[in-house]
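Structure first, then comments.
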Amino acid sequence: MKSPAQTRQHTLPGLDPVPARIAAPADPPLPRPRPGPDTLWLALHFPHLALDLIAREGMAPIPLVVCDTPRGRPEVHATSRAARRAGIRPGMPLGAALGLCADLRVRQRDAAAEHAALETLAAWGLQYTDHVVVEDGHVLLLEVGRSLRLFGGLEHLRQRILDDLAALGHHARAGLAVTPLGARLLARLGITAPARDTDALTALIRELPVEALEWPAATVQRLRGMGVTRLGALWRLPRDGLARRLGAWLPVHLDRLTGRRPDPRPRFAPPSRFESRLWLPAEMADRSMLRLPLHRLLRELAGVLRGRGAAVQSLVLQLLHARHPATALTLGLAAPGRDPDHLLGLCMERLSRQVPAAAVTGMVLRADTFLPLPHRDTALLPDTGTDTDAWQALLDRLRARLGRAAVWGLAVCDDHRPERAWTRTDPADSRQTLSSAGTGPRPLWLLAHPLPCPPDLRRVHGPERIETGWWDGGGECRDYYVAEDRRGVRWWLFRERGEGTSRLCGIFG
Amino acid sequence: MKPHPDTRDACAAPDDETLDALLRRTDIWRGRTPLSGDDDLATGHPALDTCLGGGWPRGALVELLTDQEGIGEVSLLLPLLAAQTAAGRHVALVAPPHIPYAPALAGAGIALDRVLVIGAQNDPEILWSLEQALGSGACGAALAWPGRADTRALRRLQLAAERGHATGFLYRATREAGQASPAAVRLHLSPTEAGLTVQVLKRRRGWGGSVVVVPHHEQNPRRLG
């Protein structure tokens, strides 16, 4: 039954209808520790998280549902737009949904994967602020008050976060308020107006129904029974009476919502590794179809790395198949990096070399080791740094396509035996090598295997005796000559001591 | 036929001042006078520089046509490669026919830590690798030994070289001389007694046809100790 005061409040919201006799105890009990002037919470609510885990970019609209079994029988948990158009609604039994749409694709809900995805998004959110909170109900809280100036103001920051999320394939609702609970409330209800102080917040939520607060159904029922339907009416009721009748937590919750009581939140501590999984709506056999989902995962990785100020030097990409073990591709970089476009190019080159065994149903991107992003030395000449970047990017691309062993550098070794006087090196680590000691003429090309000597050679230079290596079992004693044949080709050849035949071992290219 | 009066007047009495003004103009190319490009890279052989009108072109393709290896066809480029590595740029060898011998390269003054060898296996890989190296911006010069390359592939390489300000050297067989090519410079290489004969088939800012002999000792000063 309703008291007259509440009825009046209900019908005339603009006035303050509550008699001073009732309102008096509610106001003074706590000093009002308003949040700091620069505290602002951005809540992100992901209403379709179960659906967002399935990559749909670039696909024709397909009817797709995620089903769950909360009460022992399968029922629809989330629906794609095409499925909704067919009349399928969340909560519907799966059998009924299949009856409405014959070619419906059904995927089982994976709550653990959803939670993992939310934690990955939390790590990703650390690029905008250092204070991120993971909440139940698919909500993230970001304290953005101190980030506003860096990102060019509130509207820019919110739009940027939502755009970046959309690029990752996530659809989020954002709410902005001075208190975490307030931001959460606005985000869940899709209220986009920001509440930058407590007065604005109370003005915004005054008219909301009490059901909006995600309180237990029994509590909401009792409030309704008391005739309290709007939040504005609720915080005018005596606090001790509310605590006695509905539980001590309720006034505390209300105070936290409106900022009268502090509401500290633990910071999300991100793990120093990355693993993200994406399901494809259908089996994909074409390599180019993997491009967009892969780009999405790499962008997520880049966001997480930016939040940590880190980079990666090796990545593992697992392609999941329906009836085969997963194909694992390991990707190495010449230097730590995190540019998603560069990484995508490498992955695609790699995929052209290592074709997956079967059609792909999903993919997992993993980075186990985070490294500090290498410092850019501010050089006097501006192009030195970009040259290093270009060099490493070139090495990455070549190795991704040709394999690591197909790309190498050269160095001189301190050995007189010609075939041991050089070695292959890793071109990525640029160390100064030994300069060669003064020797006789050396050809530009060394033959992999010595060849028999053709006739009619004219000696140009030699002999140069090389006798060494007796200590390591590879001892040799040879006379080396430079000779020219009739066509004008210059050869390098040697004759073992005590043998009559000569063998070609190099060409002066 | 009677010439047009205006034309006849101009021909009959060329004003000295007008002629001088024309001669002074830099945007009129006067036939065989070589124009030196700012973007040319010295070959290290003065006679060849003259033949090419300045040197190796930067940001372009150079075809070296020869059927014979071992005549100094790579030694010809050593001064350029040494200059490029000294200037901090890299040098790539794509699918070389034999093992590039590090002591000889170091002996020619090339910084070995800036040399990259790419062991591409087949023609598509070779052309792809060369395109990557030329277009990356990190390499000043890239040498490649492709088996076959059609005009479209060469055009892609030419564009990559322009993008990366690199010079691409392609070693090809002499039978490819008849194929149309977007390369800026095409040279025919053959051995003679005195050294390596370089015949210019095509060049920028001028006509081909000139022949120059790069003597042996000049190709690689330290080669014969």
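Nothing in this text is a laboratory measurement; each read-out follows from the coordinates by a stated rule. The structure displayed is predicted, hence computed values, not measured ones. All Cβ positions, even for glycine, are placed from backbone atoms using ideal geometry, and neighbour counts span all protein chains on display.
Structural remarks
- Of B:LEU23, A:LEU351, the sequence from fewest to most neighbouring Cβ atoms within 10 angstrom is B:LEU23, A:LEU351.
- Spin-label model, B:LEU22 to A:ALA326: label points 7 Å out along the Cα-to-beta-carbon direction sit 7.7 nm apart.
- Cα centroid of segment A:271-312 to Cα centroid of segment A:331-355, whole Å: 12
- Sites A:VAL364 and A:ARG84 - FRET efficiency at Förster radius 35 Å, r taken between beta-carbons, to 0.05: 0.75
- Cα gyration tensor, segment A:446-503 - rounded (a/c under 1.5), prolate or oblate: prolate
- Loop GluC sites (Glu not before Pro), segment A:174-253, which have at most 15 other Cβ atoms in a 10 Å radius of their Cβ (DSSP): A:GLU207, A:GLU214
- Computed over segment A:54-109, the quotient of the alpha carbon radius of gyration and 2.2 N^0.38 Å is 1.04.
- Cα-projected label distance for A:ARG273 with B:ARG205, points at 7 Å along beta-carbon direction, nm: 6.0
- 222 nm mean residue ellipticity, helices alone, for chain A (DSSP H n ≥ 4; -39,500 (n - 2.57); rounded to 500): -9000 deg cm²/dmol
- Residues A:CYS505, A:CYS101 in ascending order of nearby Cβ atoms (within 10 Å, fewest first): A:CYS101, A:CYS505.
- Length-normalised contact order for chain A - Cα pairs under 8 Å, 6+ apart - percent: 12
- Projecting label points 7 angstrom from Cα along Cα→Cβ for A:ALA405 and B:THR174 puts them 3.8 nm apart.
- Ordering A:GLY137, A:LEU104, A:ALA123 by Cα displacement along the dipole of segment A:94-167 toward the positive end leaves A:LEU104 in first place; charges were set at the Cβ atoms of Lys, Arg (+1) and Asp, Glu (-1).
- Distant-in-sequence amide contacts of A:ARG465, defined by a placed amide H-H separation under 5 Å and a gap of 5 or more residues or a different chain, comprise A:TYR480.
- Global geometry of segment A:274-372, whether rounded, prolate or oblate, following the gyration tensor of its Cα atoms and the 1.5 cut on a/c: prolate
- Each of B:CYS139, A:LEU320, B:TRP128 was placed along the dipole of the protein assembly as shown (beta-carbon charges, centred on the mean Cα), and the one lying farthest toward the positive end is A:LEU320.
- Reported to the nearest whole Å, the Cα centre-to-centre distance from segment A:234-268 to segment A:455-509 is 94.
- Computed over segment A:81-181, the convex hull of the alpha-carbon atoms projects to a mean area of 8.1 nm².
- On the basis of the beta-carbon distance and an R0 of 45 Å, A:VAL252 and A:ASP163 show a calculated FRET efficiency of 0.75.
- For B:190-197, mean number of other protein chain Cβ atoms within 10 Å: 2
- Assigned charges on the beta-carbon of Lys, Arg, Asp, Glu; the protein assembly as shown dipole about Cα centre (debye): 3080
- Normalised by 2.2 N^0.38 Å, where N is the number of residues, the alpha-carbon radius of gyration of segment B:43-218 equals 0.94.
- Segment A:194-237: equivalent-ellipsoid semi-axes (sqrt of 5 x gyration tensor eigenvalues, Cα, Å): 21, 11, 7
- Taking only the C-alpha atoms of the protein assembly as shown, Rg followed by Dmax gives 37.9, 124 Å.
- Dipole moment magnitude, nearest 20 debye, segment A:438-507 about Cα centre, only Lys, Arg, Asp, Glu C-beta charged: 320
- Against chain A, whose longest principal axis comes from its Cα atoms, helix A:340-353 is set at around 50 degrees.
- Under the convention that each Lys and Arg Cβ holds +1 and each Asp and Glu Cβ holds -1, the size of the dipole of segment B:43-218 around its Cα centre is about 640 debye.
- Unit charges at the beta carbon, dipole of the protein assembly as shown: most positive-side option, A:GLY241, B:THR174, A:CYS453: A:GLY241
- Protection proxy ranking, peptides A:177-183, A:260-266, average beta carbon neighbours within 10 Å, highest first: A:177-183, A:260-266
- Between 0 and 90°, nearest 10: helix A:383-402 axis offset from chain A longest Cα axis: 80
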